[in-house]
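Below is one structure, written out as structure tokens; the observations come after it.
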Amino acid sequence: MLFALICLDKPGSSALRAEVRGKHLAYVEAQHGAVKVAGPFLSDDGQTMTGSLIILEAADVAAARAFAAGDPYALAGLFQSVEIKPWRWVVGAPKG
């Protein structure tokens, strides 16, 4: 099942995000293809990262929560909020 992880950064946390980014990217890449799409939300000027969107394939919501809790960004206290919602890929979904 697919889940959308909608993670919003705490205000003024750009330095923390930059400090932990390498660990976060390594964590995401180590998920053996479970992360289908991922990237940052940006400020209105398109310059500052303000959160993250991750589309994750997981067995259930508990597994998605465990992934989110283990993310180095979450462990560092970057996020103001994390929402996890079941998600269906309709447009642009891989065929097969």
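One table, with the values for the structure above:
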item	result
Length gained when the stretch Ile55-Lys10 is fully extended (0.36 nm per residue, less Cα-Cα span)	14.1 nm
Relative contact order (%) - criterion: Cα under 8 Å, at least six apart; region: region 2-87	51
Contour minus Cα-Cα distance for Arg88 and Ser43 (0.36 nm per residue)	13.6 nm
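No lab work stands behind these numbers, since they all come straight from the coordinates. Keep in mind that what you see is a predicted model, and the values were worked out from it rather than measured.
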